[in-house]
Amino acid sequence: MSDPTDFYAQFDKVERAAFHYGSDAVPLRTKSGEPFTDQAHYRKFISACHRGFAIAQNTVLEMLIANAADLMVSEDERRRRELLLRKVIDGILYTMVRMQTWITRRIVLHDEAPALNFAAIAQAKKTVDEMNAKDRMTFAALSDLTTFVHIGDAVQVDRKDGGSRLRFIEIKEGAINELLTEQLENYPAKTKSLEQIKKDPAIKPSHQKQAARMMRQRIRMEQTAEVLETDQGTDIKWNIPIRMNHEMINEVSYRRQFSDSCVSAIESGAAVFTVNCCLHFAATTTSLKQHRFAAQQGAKLALFESIKMAEPSLQEYYRKNAEPDGLQKKAFPMLDVIHSNLHAVPVIPFFCWNLDARIMRAIVRDEIHICCCFDLPALLFVMGKAGLRGVLSTRSEAMKVFSKFGKGAAPDFDGRIVKIIHPEKKAERFLLSGAFSRFVNNLHSPYSFFLNMKEHWSEVMDDMEPEAS
């Protein structure tokens, strides 16, 4: 598969199966607000979608195995292709849970996509294939093929009642695993059980480590199920109590502006645009020499133009928050948008950004480069416009956050992080990496995010937690 033409030809078929098989096989109504004529039409469409998902999943696994063995391409390119393929499976799951990002954040343990274990995947695939063939109104994805499902061997989505119920499945084969599973049923899925099973005479010392792994997995699956069903419980990554917002919050996207600018770049070679004063983008294509460097320069140009045209109140934010303490460079970090989306977990994969087909083709083939220059002073300005006050924390406050959640918990501005103050509430909040990530990786409007934050301040905001990128 070292010939890129062969890889991309296969990849195009995978993408088609994953995201278009259902509508190709069972067309939807286009002249009415309701896409389905009746329940039978809905069931046929869902069944066709799931057949496409199964085809895509099987082909993705085959391509991943071939890619891992292809030493004719560089290690970086193999990694990029691996993530492209795994993001297809991510896209399938995001589609099935109807783009509800709060669900995906509940099943993440690691800061990056775990390494592939093809032997374990092959073992789980037998059961998954049987499940998918048995009932086409459900679909089971192999957890290890995704980048963000870090519990269970498979995750099944049930669409029979029109909903999107999730079920996490642990697949264990072998006599020892069967014996341990039976014995562990005597213990509740609680942390205290990890200590209790150490004293169980029925579990041999040589099997204790495996028993503990199985119990931890079971605890995490139970904790996740509780949060998804009751909107409260324990976060499996940070092991802290959480309570979800009781209202569904619809984020405002800048997808149309992003898409139009990328089309302009494809047609003319380059395009720049700014979102909410604080995200400065540039897109360039391979038609330009040194197009990656050109994208970085373009994003800087968008920043400089924004500063030049800024209203006096925004100019004051630049004066106060970019010049002191050597923050000039650190206040404007640069981000490779597609690289970030491929590596970040969990985020909406770009396959679900609803982009023009020409853009998708260019992204997959690495023919377009998109950079974003983040603008800290303008972000604080946008918070003010939304009715909140944004300031930089003290270094002591930042250290407390880093010690609790890790160094990558929030963007580090010379040892300080962004703190948010409500004009009427006493509690203060810190803007952690989960929020920053969704501004770029999910194409969500920062201004809309802060408006929602102010309105739902009393709720425990799960959006405030760390997220790898």
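No lab work stands behind these numbers, since they all come straight from the coordinates. Computed from a predicted model, the values in this text were never measured in an experiment. No Cβ is skipped: glycine too gets one built from the backbone with ideal geometry, and neighbour counts run over all protein chains shown.
Report, in degrees rounded to the nearest 10, the 0 to 90 angle that the Cα long axis of helix 4-25 makes with the longest principal axis of the chain. With both axes taken from Cα atoms, the answer is about 80 degrees. Here segment 4-169 is described by how far its Cα atoms reach on the three principal axes: 51, 34, 29 Å, from widest to narrowest.
Max-minus-min Cα coordinates of segment 255-333 on each principal axis give 40, 25, 19 Å, with the largest extent listed first. What number comes out for the charge environment of Ser287, summing +1 per Lys or Arg and -1 per Asp or Glu over other residues with Cβ under 15 Å away? After counting each charged neighbour, the total is +2. A viscosity of 1.002 mPa s and a temperature of 20 °C, combined with the Kirkwood radius over C-alpha pairs in the Stokes-Einstein formula, give the chain a diffusion coefficient of 89 µm²/s.
The Kirkwood radius of segment 175-243, taken over pairs of alpha-carbon atoms, gives through the Stokes-Einstein law at 25 °C and 0.890 mPa s a diffusion coefficient of 192 µm² s⁻¹.
Remark on segment 255-464: hydrodynamic radius 17.8 angstrom, per the Kirkwood mean of 1/r across alpha carbon pairs.
Look at where the Cα atoms of segment 172-238 and of segment 357-378 average out, and the two centres are 43 Å apart.
Spin-label model, Thr191/Arg319: points 7 Å from Cα along the beta carbon direction are separated by 5.0 nm. One equal scatterer on each Cα of segment 411-453, no solvent, Debye formula: the resulting log10 I(q)/I(0) at q = 0.30 Å⁻¹ is -1.12. Ordering Ile169, Ile65, Ile219 by the number of other Cβ atoms within 10 Å of each residue's own Cβ, fewest first, gives Ile65, Ile169, Ile219.
For segment 1-68, the convex hull drawn through the C-alpha positions has a volume of 77 cubic angstrom per residue. Relative to the longest principal axis of the Cα atoms of the chain, helix 75-96 runs at roughly 80 degrees. Residues Ser396, Ser306, Ser23 in ascending order of nearby Cβ atoms (within 10 Å, fewest first): Ser396, Ser23, Ser306. Principal-axis analysis of the Cα atoms of the chain puts helix 118-134 at an angle of about 80° to the longest axis.
Write down Rg/Rh for segment 74-187, rounded to two decimals, with Rg from the C-alpha atoms and Rh from the Kirkwood relation over Cα pairs. Result: Rg/Rh = 0.99.
In terms of surrounding Cβ atoms within a 10 Å radius of their Cβ, Tyr318, Tyr8 rank from fewest to most as Tyr8, Tyr318.
Net charge near Ser445, counting Lys/Arg +1 and Asp/Glu -1 over other residues with Cβ under 13 Å of its Cβ? All intermediate terms of the calculation are to be shown ahead of the outcome.
On the way: positive: Arg255, Arg256, Lys385, Arg438; negative: Glu251.
That works out to +3.
The alpha carbons of segment 309-410 occupy a box of 43, 40, 28 Å along the principal axes, longest dimension given first.
Each label point was placed 7 Å from the Cα along the Cα-to-Cβ direction; for Ile65 and Lys31 their separation is 4.8 nm. Kirkwood hydrodynamic radius computed over segment 212-279 comes to 16.0 Å, based on all pairs of distinct alpha carbons. Using the Karplus relation 6.51 cos²θ - 1.76 cosθ + 1.60 with θ = phi - 60°, the per-residue 3J(HN,Hα) values for segment 353-364 come to 7, 6, 9, 4, 4, 5, 5, 4, 4, 5, 5, 4 Hz, with x marking Gly and Pro.
Normalised by 2.2 N^0.38 Å, where N counts its residues, the alpha-carbon radius of gyration of segment 98-155 equals 1.19.
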